[in-house]
């Protein structure tokens, strides 16, 4: 079953911050990285349960690494996958969930 993939507003903000961090050194690298990251997330439509469950969350949240530089947190529902947060360069996912404004 294919599910829709949607990005929570907090995840969209994370993508903007990731772009800004990388773009300080190279705007073209930033564009490429964020594009690959989005494409990776869109593949959850076909294989949403491939990540590991994040312990200690009050809802079932799965995580998966991306290119050794980011960790994606997402939730799988019957009809869609919601990308919740994206931690970049060692940021702790638990702290991102504790502070929804990131």
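The values are calculated or read from the model by the stated rules, or taken from the named source; none is laboratory data. All values derive from a computational prediction rather than experimental measurement. FYI the Cβ positions are ideal-geometry reconstructions off the backbone, even for glycines, and counts take in every protein chain you see.
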Residues located in segment 6-40, provided they are in a loop (DSSP other than H, G, I, E, B) and more than 11 Å from the chain's Cα centre (by Cα): 24, 25, 26
Selection from segment 80-91 of residues that are more than 10 Å from the chain's Cα centre (by Cα) and either closer than 11 Å to residue 48 by Cα or assigned to a strand (DSSP E or B) (or both): 80, 81
Checking the conditions here, which among 63, 82 is modelled with pLDDT under 95, crowded, with 16+ Cβ neighbours inside 10 Å and at negative phi? 63
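Which of the residues belonging to segment 20-40 are farther than 22 Å from residue 77 by Cα and crowded, with 17+ Cβ neighbours inside 10 Å? Spell out the reasoning first.
First, the residues of segment 20-40 that are farther than 22 Å from residue 77 by Cα: 20-36.
Listed by number, the residues that qualify are 22, 30, 33, 34.
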Quick check on segment 41-51: of everything there that is buried (at least 16 other Cβ atoms within 10 Å of the Cβ) and modelled with pLDDT of 95 or more, which residue is farthest from the chain's Cα centre (by Cα)? 44
